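So the structure is just underneath, and the comments pick up after that.
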2 protein chains.
Amino acid sequence: MNSLDRLRKFYLDSLEQGFSEPEWNRHPDELYAPQRYILGLGGKRIRPILALMAAEANGCDASIALSVAHSVERFHNFSLIHDDIMDKAKIRRGKKTVHENWDLNTGILSGDALLVMAYKSLSQSPDKYFSELLKSFNQTALEVCEGQQMDMSFEKIDNIEEGQYLHMIRNKTAVLLGCSLEMGSIISGGSKVVSRALYNFGVELGISFQIHDDILDAYGSTKTTGKNVGADILAKKKTLLWIHFSKNNPGKLDSIFDSQSIEIVQKILSEMELSGTFDYVQKRRRNHFDNAMKSLKEIEEVCEVSALRNFANWIFERKF
Amino acid sequence: MNSLDRLRKFYLDSLEQGFSEPEWNRHPDELYAPQRYILGLGGKRIRPILALMAAEANGCDASIALSVAHSVERFHNFSLIHDDIMDKAKIRRGKKTVHENWDLNTGILSGDALLVMAYKSLSQSPDKYFSELLKSFNQTALEVCEGQQMDMSFEKIDNIEEGQYLHMIRNKTAVLLGCSLEMGSIISGGSKVVSRALYNFGVELGISFQIHDDILDAYGSTKTTGKNVGADILAKKKTLLWIHFSKNNPGKLDSIFDSQSIEIVQKILSEMELSGTFDYVQKRRRNHFDNAMKSLKEIEEVCEVSALRNFANWIFERKF
């Protein structure tokens, strides 16, 4: 089994075991059932895997970083519960979102409790790392909220610059990947240089990952992504594809939408390819991926980075 | 100036000063403005004052507990933002609630960020107390969520027992008062015995405080409380008055409501007085206050508890 599958299994076994322990069986169950539900829905488990990989990169057993792995996955799922409310999303990973399966109040409150549970897991780390872990985690948690706020504000603004978009996805998505690695490194005794390089690796990989997500939404297949392809375009979401194309082809998107054709998405996708937007966005994705790899290279003499390199390649090549 | 007013001023000055510092001027402002708004709305500031008083009780300067004081007040205000959404409340301290002044999404997200800001303030405490502080805070934060969940669930249940009600208000309100004192004690080097006694003092005072709130809602005057007197009764809220009266006078409340009189509240209040419910509830309030005072007595030889005793008396006597 490769590192990726081995560590995912390790994380999932620990998650499963945790569900039968007192921590996850507090009362009232109405508060905890929605948390177990969303944590059990699946997903790629990128964040906990990165935390565990960072520990192994520092030559430690992955188990040393379990508190951190659970913390980042809990935080991520807290943000999903609340984001789904804000986005009025009904489906998450093929199942009903928490506020759909229960109700708005349950979504708000179980999300709040899951955020506390993320800190609770962090508090099970050795005392000597507390201060550093908490500072990294707090900073990241605020940035994620800031990213979500920007994302919502962008809906009401017409002209988003590429730089603003990159800043938004950095905060909303990428910093948590960086933080997962950084905390996994801190707790396994990594030096400041190593922990920071791993953080930068995660952030750059995260930006590349999010741009990839936008491309897959537009050009992927429903079969592999499990999403309605072109949904972002129909919702006029300001992804990098949209921003770049709009800037270089003023008025074009409006005129295609105005044409009320039944193949709006297909037309826009063709135009994006013809005009070079698709290539540009792919190039930007590659740039951030290359930056990530450079960060790994900086520490390859003191760390075992091969598993992280494979992981990054897997992320880069993914079709879903 | 007495301790209470002096420490409130000390806390408020620190709050005000903080608003002009980088921590409170992050971007995007849409995320931070609602947080500054609710923190600036006023209130009795019971929790931060208790944290500061605990430090002074241990013979330290109050400033030593400022990180903790800000943390508990931020947490309290996070819970107010989200509770107001869940309760569909429009007014808080005479001003619009956050979700009314902005919108639902802003309420959810700025509340989330304020919870993180509570942990951020905690992280400014000395490293050696981190572990203990975080454990106390996490446990309390979860219990507050559990209390809110119970409160919501009670709306759908007819027969709430007195014990269930006390458990709910303990979690929803009282433990945060206990935690404020406990953390103020921990950070000022208080022994485990002192910190726990102060915690118990806060919890018992908090239960007494909440029962008092219920009585004031029914029997207070709009002028002093700023609330619509009898609102709980009209909303058929299961306070201790309601629970005790219903149990001892089965069917009575329904028959008064069915009478469709224009003086339902007055009728119910008279019945509650005549039947002994009012006296019973006052007695319960006094019991918990006495328990609180007993906890203080346990540590009066090693701590300076007089300011806390005065504070408790002020809480007990309040008319608002």
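How would A:Arg93, A:Arg47 line up from fewest to most surrounding beta-carbon atoms within 10 angstrom?
A:Arg93, A:Arg47
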- Query: Along Cα→Cβ at 7 Å, what distances in nm separate the A:Glu304 label point from those on the other copies, shortest first?
  - Reply: 5.8
- Query: Taking the axis that carries chain B onto chain A, what is the nearest Cβ in chain B, and at how many Å, to the whole number?
  - Reply: B:Phe130, 2
- Per-residue HN-Hα couplings for segment A:282-296, Karplus 6.51 cos²θ - 1.76 cosθ + 1.60 at θ = phi - 60°, whole Hz, x for Gly and Pro? 4, 5, 5, 4, 5, 3, 5, 4, 4, 4, 4, 5, 5, 4, 5
- Grab the eigenvalues of the alpha-carbon gyration tensor for chain A, scale each by 5, take roots, and send me the semi-axes largest first in whole angstrom. 34, 25, 17
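Tell me the GluC sites (Glu not before Pro) within segment A:73-156 that lie in a loop according to DSSP and have at most 12 other beta-carbon atoms within 10 Å.
Within segment A:73-156, the qualifying GluC sites (Glu not before Pro) (loop, at most 12 other Cβ atoms within 10 Å) are A:Glu155.
Of the cross-linked pairs B:Lys90/B:Lys236; A:Lys88/A:Lys172; B:Lys128/B:Lys172; B:Lys236/B:Lys319; A:Lys172/B:Lys120; A:Lys95/A:Lys238, which ones have a Cα-Cα span greater than 21 Å in the structure shown? Mind dumping the intermediate values first?
Working: B:Lys90/B:Lys236 19 Å; A:Lys88/A:Lys172 18 Å; B:Lys128/B:Lys172 29 Å; B:Lys236/B:Lys319 23 Å; A:Lys172/B:Lys120 19 Å; A:Lys95/A:Lys238 26 Å.
Too far apart for the 21 Å limit: B:Lys128/B:Lys172; B:Lys236/B:Lys319; A:Lys95/A:Lys238.
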- Note on the structure: Expected sort for A:Leu240, A:Leu269 with the fewest Cβ neighbours (10 Å cutoff) up front is A:Leu269, A:Leu240
- Query: Could you put A:Lys156, B:Lys44 in order, starting from the residue whose Cβ has the fewest other Cβ atoms within 10 Å?
  - Reply: A:Lys156, B:Lys44
- Query: Once the Cα atoms of segment B:87-166 are picked out, what are the Rg and Dmax in Å?
  - Reply: 16.7, 48
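How about segment B:202-300: which GluC sites (Glu not before Pro) there are in a DSSP loop, with at most 16 other Cβ atoms within 10 Å of their Cβ? Let's see the in-between values first.
Details: sites: B:Glu204, B:Glu263, B:Glu271, B:Glu273, B:Glu298, B:Glu300; in loops: B:Glu263, B:Glu300.
Listed in order of number, the matching sites are B:Glu263, B:Glu300.
Where does the protein assembly as shown land on Rg(C-alpha)/(2.2 N^0.38 Å)? Please list the in-between numbers first.
Values: Rg = 27.0 Å, N = 640, 2.2 N^0.38 = 25.6 Å.
Ratio of Rg to 2.2 N^0.38 Å for the protein assembly as shown: 1.05.
Laboratory data are not the source of any read-out in this text; all were calculated from the coordinates shown. Note that the structure is a prediction, hence the values are computed from the model and not measured. Cβ sites come from the backbone with ideal geometry, for glycine too, and all protein chains shown count toward neighbours.
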